[in-house]
1. Identify, please: which residue in segment 72-88 is part of a helix (DSSP H, G or I) and farther than 15 Å from ALA35 by Cα and is, among those, most open to solvent (accessible area, probe 1.4 Å)?
2. Filter segment 41-71 down to residues that are touching a residue at least 40 places away in the same chain (Cβ under 8 Å), out of contact with any Leu (no Cβ under 6 Å at 6 or more places or on another chain) and part of a helix (DSSP H, G or I) and give me whichever is most open to solvent (accessible area, probe 1.4 Å).
3. Do you know which residues across segment 124-149 are more than 26 Å from ARG89 (Cα to Cα), at pLDDT 85 or above, open to solvent by 20 Å² or more (accessible area, probe 1.4 Å) and not aromatic (Phe, Trp, Tyr)?
4. Which of the residues belonging to segment 89-123 are open to solvent by 30 Å² or more (accessible area, probe 1.4 Å), farther than 14 Å from VAL139 by Cα and modelled with pLDDT of 90 or more?
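The values are calculated or read from the model by the stated rules, or taken from the named source; none is laboratory data. The structure displayed is predicted, hence computed values, not measured ones. FYI the Cβ positions are ideal-geometry reconstructions off the backbone, even for glycines, and counts take in every protein chain you see. Heavy atoms of the whole protein, side chains included, go into the accessibility calculation; ligands, DNA and RNA do not. Shrake-Rupley method; radii C 1.70, N 1.55, O 1.52, S 1.80 Å.
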Amino acid sequence: MFEQRQATDRDATSPGTRMDVAAAFGAQPASFWLASLASLSMIIGGVGPWATAFGFASLSGTSMHGWRSVMVGVVGLAMLGLHQLRKARLPLIVAGIAAVLGAVQAVATLSKIHSGGAVTTIFGQQYRYLDPAWGLYLVLAGAIALACCASALVWRASRVTA
């Protein structure tokens, strides 16, 4: 029995299997890879700086609502992986809806920053004079790109099944 298990393990890592996996990933359209990059950009932007107070104190996304953006990016990647395995449209729809919610959150945060409202309280101090930073813009761009790419993938999947 041990001999059979070793033979099976060797077969699973044979060059033919590696070629099949590479062919499966290579067959994905560009919108799949762009959606993956958009999800990664939401994760990076979610932990990056979202605002600067008084021009020098940087506030990271995790001290604001960045964890929500990180979760949207993780959900996006998970749904893209599930679509890769199952070839179903529902994971793409979920990824698109999550991306739209992430974009709405980023726009709302940008609006609060530009209006001079209190966006965050850290150690009992409210920061009112904030300027947006690159992390928030990266989240917004990633969310918009993920929503567009997920929509394109849903459209492509519906054309294939029709």
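1. ARG86
2. Per the stated criteria, the residue is ILE44.
3. Within segment 124-149, PRO132, LEU138 meet the criteria.
4. ARG89, LEU90, ILE93, VAL94, ILE97 - these are the residues of segment 89-123 that are open to solvent by 30 Å² or more (accessible area, probe 1.4 Å), farther than 14 Å from VAL139 by Cα and modelled with pLDDT of 90 or more.
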